[in-house]
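The values are calculated or read from the model by the stated rules, or taken from the named source; none is laboratory data. The model shown is predicted, which means the values in this text are computed figures rather than measured ones. Side chains included, ligands, DNA and RNA excluded: accessible areas come from the protein's heavy atoms. Shrake-Rupley method; radii C 1.70, N 1.55, O 1.52, S 1.80 Å.
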Amino acid sequence: MELVIVTGLSGAGKSKVVNALEDLGYFCVDNVPPQMLEKFAQLGSTSQGSAQRMAVVVDARGGEMFDDFAGALDRLSGQGHPFRLLFLDADDETLLRRYKEGRRRHPLLDRSALTIEDAIQQERRLLKTARQRADIVFDTSLMTPAQLRERVVQTFSSPHQGMVTHCISFGFKNGLPKEADLVFDVRCLPNPFYVPELREHTGLEAPVRDYIMAAPQSQELMRRLFELIDFLLPLYLQEGKSQLVVAVGCTGGRHRSVAFAQAIGEHLRSQGLPVAITHRDKDRTNHGTG
């Protein structure tokens, strides 16, 4: 039985994640009180078919019942029920913008907060422990709905075995991925942005990739990164991590970081390891200097 518990901030994309999980064959239930988690785990452990893969959403909409969330997780662990806790996060500015654009009411508004800004801060404090305990964190601040769906599919498309490594390329000008465990800066490498015929292409395309990898320093850095990651992965796995996020950044997130994140992901896949690859800023129109 596989149980995924989805939680996180209102407006961070939980409904989109549940829709994607449902399409992957998970039996999904929204807005579940924490006290019901044991019942769902017991149901999944004794059922066949679709109930073998379950996803439930537990969040601040539960009101006072949500106060028992940490205790409910402890009881699941104590009874030997396996689960993964997925936390959806986003920065305050993004959450505020989404609420204004969607014209939805925040679940804490008027209940204990007078403004959306206050509600976001209260919910963040309420969920602090849940975020610390999360096995997987998705920061959706700079994700499009399609990118979020892709990441869900890459992470949950097959029954969970061992640790999933998620390779992300990004542009420093758009901010660091907050969920990153390892961050590598490749701005020191030759930049295709300054080659006119390569500027509008990406690191997934052969001419750009070949230009970057032709440099001796790129080849040496790649060799050393492969060795470092191959050394670290068993240690993280031994620690009990269920997801390792490796982020590779350049200035705009279009050329060098894309090529390196893709190469790292393919290197790990060649070893039969579960890998997800996301190029966060590859398709941004304002991609700066490569």
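Quick notes
- Cα pair distances of segment 108-148 binned at 5 Å [whole percent]: 5, 20, 17, 17, 21, 16, 2
- A 1.4 Å probe run over the chain, with the rest of the protein chains in place, finds 47 Å² accessible per residue.
- Crossing angle, helix 116-126 versus the chain [Cα axis fit, 0-90 degrees, rounded to tens]: 80
- Portion, in percent, of the accessible area of segment 114-224 that falls on carbon or sulfur, probe 1.4 Å: 55
- Probe 1.4 Å - accessible area at Cys28, Å² to nearest ten: 30
- Helix 92-102 vs. the chain, principal-axis angle (Cα, 0 to 90°, nearest 10): 70
- The mean sequence distance of close C-alpha pairs (under 8 Å, at least 6 residues apart), as a share of the length of the chain, puts its relative contact order at 21 percent.
- Per-bin percent of Cα-Cα distances, segment 46-173 [5 Å]: 2, 7, 15, 19, 19, 17, 12, 7, 2, 0
- For segment 178-290, the relative contact order comes to 37 percent (Cα pairs under 8 Å, sequence separation of at least 6).
- Hydrodynamic analysis of the chain uses the Kirkwood radius over alpha carbon pairs. Inserted into Stokes-Einstein at 37 °C and 0.692 mPa s, it gives a translational diffusion coefficient of 161 µm²/s.
- Percentage relative contact order, segment 227-290, counting C-alpha pairs under 8 Å, at least six apart: 35
- Applying D = kT/(6 pi eta Rh) to segment 172-290, where Rh is the Kirkwood radius over alpha-carbon pairs, T corresponds to 20 °C and eta to 1.002 mPa s, the Stokes-Einstein value obtained is 146 µm²/s.
- When all protein chains stay in place and ligands, DNA and RNA are ignored, the 1.4 Å accessible-area order of Leu221, Leu237, Leu85, largest first, is Leu237, Leu221, Leu85.
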